[in-house]
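So the structure is just underneath, and the comments pick up after that.
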C-alpha cells in the first residue's frame, strides 16, 4: 500500500512539472511587448512564471482526476 501512495505522489509531481513546462512554452507564443511598461521586465517574467504554474497545475489536476476516476470505474461496474 505504501508503494501505491509513493507511486501516486511521484506521478503527481512529474505530471505537474510536465504541464507547467508545457504551459510556459505555450505562453511564450503570446507577444506581450505592448502590455509591458518600460523597465518592468522582471515583473513580466514573474507574471509568466505564475501564469505557467497556475495553468499547468490546473491542467495537471484535470488529468490526474480523470486518471483517478477511471481507476474507480471497475469498482462501480463490477
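Where a number appears in this text, it was derived from the coordinates with a stated rule and is not lab data. Predicted model only: the values in this text are computed from it and were never measured. Every residue, glycine as well, gets a Cβ built from its backbone with ideal geometry; the counts of neighbours run over all protein chains shown.
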* **Structure-derived P(r) over Cα pairs in 5 Å bins from 0, in percent - corresponding label in [x] 3, 14, 17, 17, 13, 11, 8, 6, 5, 3, 2, 1, 0; [y] 3, 13, 20, 20, 16, 12, 8, 5, 2, 0; [z] 3, 17, 31, 29, 15, 4, 1, 0** => [x]
* Asked: Where in the stretch 1-45 does the label zone of residue 63 land, with the point 7 angstrom along Cα→C-beta and an amide N cut-off under 13 Å?
  -> 11-24
* When the chain is modelled as a GNM with alpha-carbon springs shorter than 10 Å, which of 58, 23, 44 fluctuates the most? -> 44
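Relative contact order of the chain, please, whole-number percent, based on alpha carbon pairs below 8 angstrom and at least 6 residues apart.
On the way: 34 pairs, mean separation 34.9, N = 78.
RCO, the chain: 45 percent.
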* Structure fact -> Per the rule of 0.36 nm per residue minus the C-alpha distance, extending residue 36 to residue 53 adds in nm 4.1 nm
* Asked: Separation of the stretch 1-41 and the stretch 45-67 by C-alpha centroid, Å?
  -> 6 Å
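Ignoring everything except DSSP H segments at least 4 long, calculate the 222 nm mean residue ellipticity for the chain; use -39,500 (n - 2.57) per segment, divide by total residues, nearest 500. The partial results should precede the final answer.
Values: 2 runs with 63 residues, N = 78.
Roughly -29500 deg cm²/dmol at 222 nm, from the helical runs in the chain.
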